[in-house]
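Structure, as structure tokens:
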Amino acid sequence: MVRFLPLLFLVTLSFCADLGSNLKSIVGDQIYQKNSTKISSLFANEPSFVDINGNLNYDKIATTLRTNSLLNLNYSSPTHMQVTFRTSSSPMLFLKVISQSLNNLGYTYFLTKNFQTMDSGISWTVSINTQFLLNPGNLYNELMGNNTFIKDIQRTGQFSFIYDIDMSKTVLDIAAYESDVNVELSKPLEPYFFNINGKKSIEITADSSDNWIALVKVFDRNLKLISQLKSDKKEKVIDIEFPSDAYYILIDDAYSLENIKHGLKIYIKSN
């Protein structure tokens with residue numbers, strides 16, 4: 001059995017990005033060339049930098065580089081960082097996952113420089129004015145929370161990068177409420193949005209003192225809208241049967257969340 005382990009590691013590596021080219025992209029050509037011997041030594045055991053999904057473990061890579069003073073992500077003054085994200089997923093899911101990840105990493109303000117949909121997938125380029133370049137390890141961890149993976153990183157300039165993203169297994173890391181029990185939702189600061197995968201239906205009840213004008217949207221796994229209910233009058237109780245491919249639900253008010261300032265009560269039925 002032992003004799004087959006090296007072959008297994010080679011097979012694993014063949015399905016992920018090239019470690020050498022990614023190291024060069026992360027640290028930059030100049031630092032890579034100046035420290036090539038040290039980098040080769042640090043990353044000599046390539047399989048140890050591959051995760052259980054067969055992708056490069058960018059968290060371990062970035063940590064190794066930083067602890068050995070080979071990766072500087074902080075600058076004395078703000079610079080315009082440009083990052084292009086590419087994937088073959090649906091646009092809505094892609095935008096939500098990447099935007100959420102950037103926000104969680106502290107990049108709350110960014111400008112879209114380019115957005116393209118092609119037969120091969122989607123490309124989204126954002127520009128961020130920051131003193132802190134994107135840490136690939138931190139992004140790796142954020143995306144992993146949504147079962148999303150970095151497949152490759154390319155540096156196209158001193159402060160510009162391309163990230164190839166695999167979203168084939170993406171599931172948004174959001175709440176999934178218990179089934180077959182009444183759940184009281186607190187006053188919303190934004191529309192309620194949660195996971196309903198595998199559920200049959202939902203009963204939504206508004207507080208008697210509120211004036212809920214219901215707006216409820218049901219999405220599939222790729223955030224494609226598959227059903228919608230929009231009221232033109234005050235609602236107290238509504239029941240919605242879920243299509244078989246329902247995965248997420250958004251519960252809102254058609255005019256203002258102040259109309260449900262006392263929250264809602266939900267009862268989700270399991271199959």
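Scanning region 92-133 for residues that are part of a strand (DSSP E or B) and among the hydrophobic types (A, V, I, L, M, F, W, C) turns up Leu111, Phe115, Met118, Ile122, Trp124, Val126, Ile128, Phe132. Report yes if some residue within region 211-224 is of a type in the set (D, E, K, R), more than 25 Å from the chain's Cα centre (by Cα) and surrounded by 15 or more Cβ atoms within 10 Å (Cβ to Cβ); otherwise report no. No; the residues of region 211-224 include none that is of a type in the set (D, E, K, R), more than 25 Å from the chain's Cα centre (by Cα) and surrounded by 15 or more Cβ atoms within 10 Å (Cβ to Cβ).
Applying the set (1) touching a residue at least 24 places away in the same chain (Cβ under 8 Å); (2) closer than 23 Å to Val97 by Cα; (3) out of contact with any Gly (no Cβ under 9 Å at 6 or more places or on another chain); (4) open to solvent by less than 70 Å² (accessible area, probe 1.4 Å) to Ser227 leaves exactly one unmet item: (1).
Given Thr87, Thr130, Thr63, Thr112, which one is of a type in the set (Val, Ile, Thr), surrounded by fewer than 16 Cβ atoms within 10 Å (Cβ to Cβ) and touching a strand residue (DSSP E or B) at 6+ places or on another chain (Cβ under 7 Å)?
On inspection, the qualifying residue turns out to be Thr112.
When Asn104 is tested against the conditions (1) more than 17 Å from Asp166 (Cβ to Cβ); (2) buried (at least 16 other Cβ atoms within 10 Å of the Cβ); (3) in contact with an Asp or Glu (Cβ under 6 Å, 6 or more places away or on another chain), the lone failure is (2).
From the list Leu70, Leu56, the lone residue that is over 21 Å from Ile165 (Cα atoms), in contact (Cβ under 8 Å) with a residue 40 or more places away in the chain, open to solvent by less than 70 Å² (accessible area, probe 1.4 Å) and of a type in the set (A, V, I, L, M, F, W, C) is Leu70. Going by the conditions given, is Phe242 under 16 Å from Ile266 (Cβ atoms) and surrounded by 17 or more Cβ atoms within 10 Å (Cβ to Cβ)? Answer is yes for this residue. Does any residue of region 5-15 turn out to be modelled with pLDDT under 95, on the phi < 0 side of the Ramachandran plot, in contact with a strand residue (DSSP E or B) (Cβ under 7 Å, 6 or more places away or on another chain) and part of a helix (DSSP H, G or I)? The answer is yes; a qualifying residue exists.
If the condition is being open to solvent by less than 80 Å² (accessible area, probe 1.4 Å) and without any contact (Cβ under 8 Å) to a residue 60 or more places away in the chain, then region 254-269 contributes Ala254, Ser256, Asn259. Evaluation of Asp166 against the conditions (1) in contact with a Lys or Arg (Cβ under 9 Å, 6 or more places away or on another chain); (2) of a type outside the set (Lys, Arg); (3) closer than 24 Å to Gln30 by Cα shows that the sole unmet condition is (3). Looking across region 175-208 at every residue that is open to solvent by 40 Å² or more (accessible area, probe 1.4 Å) and among the aliphatic types (A, V, I, L, M), the one that is farthest from the chain's Cα centre (by Cα) is identified as Val181.
The values are calculated or read from the model by the stated rules, or taken from the named source; none is laboratory data. All values derive from a computational prediction rather than experimental measurement. With ideal geometry, Cβ positions are generated from the backbone for all residues, glycine too; neighbour counts draw on all protein chains shown. SASA here: full protein model, heavy atoms, side chains in, ligands and nucleic acids out. Shrake-Rupley method; radii C 1.70, N 1.55, O 1.52, S 1.80 Å.
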